[in-house]
Amino acid sequence: MADTIQFDLVSPERSLASHAVKSVSIPGADGDMTAMPDHAPVITTLRPGLLKAEANDGVTEYVVSGGFAEISPEGISVLAERAIPRSTITQADMDSLMAEAQSRYDQAKANFQNEPGPVDDAVKLLSDMVAVGDEIGLAAKQPNL
């Protein structure tokens with residue numbers, strides 16, 4: 001069994017990480033998971049949360065707003081809607097993430113008045129963003145539901 005696996009994290013703006021890791025903790029839409037070398041192949045969607053990459057030189061954390069993760073024998077690839085290193089995230093970044101989530105909720109509520117599924121998904125996104133703010137110690141503006 002290999003000790004490390006290739007990890008790549010990209011967002012539309014840039015590549016944030018590309019290096020060997022021992023494990024990656026992923027905030028999956030169906031629950032958190034940890035990917036390690038020799039993990040079974042899987043593709044999952046991401047929910048807003050904290051992605052943690054453990055390498056030989058320590059743990060690096062990233063706030064992600066959603067996206068996809070693909071785990072294969074060749075490596076772990078995460079394509080994030082937005083990803084910000086936890087060490088550099090600011091209150092302004094958190095406010096921007098919350099504003100995006102609020103906008104999605106407002107659009108869903110306006111467009112799907114008698115269809116609870118999309119509205120429920122938007123409410124879940126808002127609550128996940130509040131939880132991320134709590135976890136990283138930044139105040140998330142409470143959603144307007």
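Derivation of every value follows stated rules applied to the coordinates shown; laboratory data play no part. These figures come from a predicted structure and were not determined experimentally. Glycine gets a Cβ as well: all are built from the backbone with ideal geometry, and neighbour counts include every protein chain shown.
Rounding to the nearest 10 and keeping the result within 0 to 90°, find how far the Cα-based axis of helix 116-136 lies from the longest principal axis of the chain.
60
Counting other beta carbons within 10 Å of each residue's own, what order do 47, 14, 86 fall into, fewest first? Working shown, then result.
On the way: 47 22, 14 8, 86 18.
So the ranking, lowest neighbour count to highest, is 14, 86, 47.
By the gyration tensor of its Cα atoms, with a ≥ b ≥ c the square roots of the eigenvalues, what is the shape of region 63-145: rounded for a/c under 1.5, prolate for a/b over b/c, or oblate? Before the final figure, lay out each step's value.
Numbers: a/c = 2.66, a/b = 1.28, b/c = 2.08.
Here region 63-145 falls in the oblate category.
Taking a ≥ b ≥ c as the square roots of the Cα gyration tensor eigenvalues, with a/c under 1.5 meaning rounded and otherwise prolate when a/b beats b/c, else oblate, which class fits region 91-136?
Details: a/c = 5.49, a/b = 2.00, b/c = 2.74.
Oblate shape, in that a/c is at least 1.5 and b/c is the bigger or equal ratio.
For the chain, with the dipole built from +1 on Lys and Arg beta-carbon atoms and -1 on Asp and Glu ones, taken about the Cα centre, which of 110, 29, 129 lies farthest toward the positive end?
110
As a footprinting exposure proxy, order 7, 112 by other Cβ within 10 Å, with the fewest listed first. Mind dumping the intermediate values first?
Numbers: 7 23, 112 15.
Neighbour counts put them in this order, fewest first: 112, 7.
What ranking do 88, 60 get, fewest neighbouring Cβ atoms within 10 angstrom at the top?
On the way: 88 9, 60 20.
Ranking 88, 60 by Cβ neighbours within 10 Å, fewest first, gives 88, 60.
For region 15-54 and region 97-142, what is the separation of their C-alpha centers, rounded to whole Å?
Using only Cα atoms to place each centre, the spacing works out to 23 Å.
Taking a ≥ b ≥ c as the square roots of the eigenvalues of the Cα gyration tensor of region 47-96, is the shape rounded (a/c under 1.5), prolate (a/b larger than b/c) or oblate? Walk me through the numbers before you get to the answer.
Details: a/c = 3.43, a/b = 1.41, b/c = 2.43.
Here region 47-96 falls in the oblate category.
Output the 0 to 90 degree angle, nearest 10, between the alpha-carbon long axis of helix 91-111 and the longest principal axis computed from the alpha carbons of the chain.
Helix 91-111 sits roughly 60 degrees off the main axis of the chain.
Net charge near residue 3: determine it from the other residues with C-beta under 12 Å of the C-beta of residue 3, scoring Lys and Arg +1 and Asp and Glu -1. List each step's numbers first, then the result.
Working: positive: 22; negative: 38, 54.
So the surrounding residues net to -1.
Distance in nm between label sites at residue 2 and residue 15, each 7 Å beyond Cα in the beta-carbon direction?
Going by the 7 Å Cα→Cβ label model, 1.7 nm.
How large is the helix-only mean residue ellipticity at 222 nm for the chain, computed as the sum of -39500 (n - 2.57) over DSSP H runs with n ≥ 4, divided by its residue count, in deg cm²/dmol to the nearest 500? Please list the in-between numbers first.
Values: 2 runs with 42 residues, N = 145.
Dividing the helical sum by the residues of the chain leaves -10000 deg cm²/dmol.
Counting DSSP beta bridges with both partners in the chain, what percentage is antiparallel, nearest 5?
Values: 36 of 40 bridges.
Percentage antiparallel, nearest 5: 90.
Hey, what's the Kirkwood Rh for region 5-85 if you take every pair of different alpha carbons, in angstrom?
On the way: mean 1/r = 0.0828 Å⁻¹.
After inverting the pairwise mean of 1/r, the radius is 12.1 Å.
As an exercise, use a Förster radius of 35 Å and the Cβ-Cβ distance of residue 55 and residue 120 to find the FRET efficiency, rounded to the nearest 0.05.
Values: r = 37 Å, r/R0 = 1.06.
My answer for the efficiency is 0.40.
If you place +1 on the Cβ of every Lys and Arg, -1 on the Cβ of every Asp and Glu, and leave all else neutral, what size is the dipole of the chain about its Cα centre, to the nearest 20 Debye? Don't skip to the answer; put the middle values down first.
Values: 10 positive and 22 negative charges, 56 e Å.
That gives the chain a dipole magnitude of about 260 debye.
Within the set of other residues whose C-beta is less than 11 Å from the C-beta of residue 118, count the net charge using Lys and Arg as +1 and Asp and Glu as -1. The partial results should precede the final answer.
Working: positive: 104, 109, 124; negative: 115, 120, 121.
Result for the neighbourhood of residue 118: 0.
So how much slack lies between residue 127 and residue 33, counting 0.36 nm per residue of separation and subtracting their Cα-Cα distance, in nm? Intermediate results must be reported in sequence, preceding the final value.
Working: separation 94, 0.36 × 94 = 33.84 nm, distance 1.97 nm.
In short, 31.9 nm is gained.
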